[in-house]
Amino acid sequence: MRKKIIAANWKMNMTIGETEAFFGTFLRELGDERKVEVVIVPPFLAIAKASELLRSAQGVKLGAQNMHWEKPGAFTGEVCAAMLRDVFCNYVVLGHSERRTYFGETDAIVNKKVLAAHANTLRPILCIGETLAERDGGLVEKVLDTQIRGSMAGLTAEQVEETVIAYEPVWAIGTGRTATPQQAQDAHAFIRKTVAEIWGQAAADKVRIQYGGSVKPANTAELMSQPDIDGALVGGASLDPRGFAEIVHNTARVLG
Ligand code: PGA
């Protein structure tokens with residue numbers, strides 16, 4: 001009942017020319033696959049081109065990697081929700097661990113962005129996850145609980161249903177070291193249980209929870225077969241149009 005959602009987080013990669021080349025191959029390889037929701041998340045400067053290229057590709061959606069929480073105004077260097085709507089983004093990735101680590105984003109800052117996204121009918125893909133030291137210290141549940149309560153504070157149950165949570169263990173991002181399907185499933189089940197405690201079982205049943213961290217074509221099926229894993233946020237492997245299409249197809253195959 002929860003539609004699986006596979007998103008490509010291109011991070012700080014892809015020029016406009018490379019974006020054009022990507023879609024040429026990707027849309028051909030994707031074919032008429034519509035069982036899985038696909039979201040492409042380019043860097044800001046490539047979004048308008050991606051939007052133009054996707055106009056005829058029914059069903060493939062767009063997202064941004066970050067945004068500011070304020071309305072248009074004097075915030076040099078920033079991009080706001082209205083600008084993302086203008087280029088037809090439906091999603092915005094918020095609180096990615098790279099933003100938290102390199103740009104000092106706290107749960108309080110991420111929370112302002114999550115609320116602003118909903119206020120502008122953008123769906124957040126909210127990233128949470130523990131570091132290796134936190135996992136080794138037995139703190140996984142404590143960290144996830146704090147991030148959920150902090151980053152999602154003030155959301156209504158309806159807004160939670162429209163939010164995608166991405167569980168991305170920091171130690172698995174870009175390292176080639178994927179969480180085992182069981183480790184990921186355990187974290188996802190805990191996240192869903194926490195959402196149920198705060199916003200009720202109906203919201204918890206509807207919220208989609210993606211796994212992220214070294215997802216590739218070869219490990220997709222096993223991860224996507226877990227009952228609480230509703231999709232993937234794919235970094236490195238999403239830059240290859242054939243490989244990314246394979247990740248989508250392998251997800252669709254799990255659905256039968
Ligand atoms: P990765 O990145 O797939 O390269 O590990 C995932 C992410 O950071 O979203």
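Within the group 54, 45, which residue is touching a helix residue (DSSP H, G or I) at 6+ places or on another chain (Cβ under 8 Å), surrounded by fewer than 16 Cβ atoms within 10 Å (Cβ to Cβ) and within 17 Å of residue 10 (Cβ to Cβ)?
45
When region 69-128 is examined, which residues are found to be within 16 Å of the ligand (Cβ to nearest atom) and at positive phi?
95
When you scan region 178-194, do you find a residue that is more than 14 Å from residue 132 (Cβ to Cβ), without any contact (Cβ under 8 Å) to a residue 40 or more places away in the chain and within 16 Å of the ligand (Cβ to nearest atom), even just one?
yes
Scan region 20-28 and tell me whether some residue there is more than 16 Å from the ligand (Cβ to nearest atom), modelled with pLDDT of 95 or more and in a loop (DSSP other than H, G, I, E, B).
For region 20-28, residues more than 16 Å from the ligand (Cβ to nearest atom), modelled with pLDDT of 95 or more and in a loop (DSSP other than H, G, I, E, B): absent.
May I ask you to list the residues in region 159-172 that are touching a strand residue (DSSP E or B) at 6+ places or on another chain (Cβ under 7 Å) and near the ligand (Cβ under 9 Å from one of its atoms)?
Matches in region 159-172: 166, 168.
Condition first: outside any helix (DSSP H, G or I) and within 19 Å of residue 112 (Cα to Cα). Now tell me which residues in region 137-185 satisfy that.
Those that are outside any helix (DSSP H, G or I) and within 19 Å of residue 112 (Cα to Cα): 152, 153, 154, 155, 156, 162, 163, 164, 165, 166.
With the requirement that a residue be assigned to a helix (DSSP H, G or I), within 14 Å of residue 147 (Cβ to Cβ) and small (Gly, Ala, Ser), what does region 80-130 give you?
Residues satisfying the conditions are 97, 108.
Given the conditions (1) outside any helix (DSSP H, G or I); (2) of a type in the set (S, T, N, Q); (3) within 16 Å of the ligand (Cβ to nearest atom), which single one is not true for residue 250?
All conditions are met except number (1).
Can you find a residue that is closer than 22 Å to residue 81 by Cβ and either in contact (Cβ under 8 Å) with a residue 40 or more places away in the chain or among the aliphatic types (A, V, I, L, M) (or both) anywhere in region 127-140?
yes
Do you know which of the residues in region 207-245 that are without any contact (Cβ under 8 Å) to a residue 60 or more places away in the chain and of a type in the set (Gly, Ala, Ser) is farthest from the ligand (Cβ to nearest atom)?
If we take residues in region 207-245 being without any contact (Cβ under 8 Å) to a residue 60 or more places away in the chain and of a type in the set (Gly, Ala, Ser), then 225 is farthest from the ligand (Cβ to nearest atom).
State all residues of region 3-15 that are surrounded by fewer than 14 Cβ atoms within 10 Å (Cβ to Cβ) and either part of a helix (DSSP H, G or I) or in contact (Cβ under 8 Å) with a residue 40 or more places away in the chain (or both); if no residue qualifies, say none.
Passing the criteria: only 3.
The values are calculated or read from the model by the stated rules, or taken from the named source; none is laboratory data. Everything numeric in this text was worked out from a predicted model, so none of it was measured. Don't worry about glycine lacking a Cβ; one is built from the backbone with ideal geometry, like all the others, and counts go over all protein chains shown.
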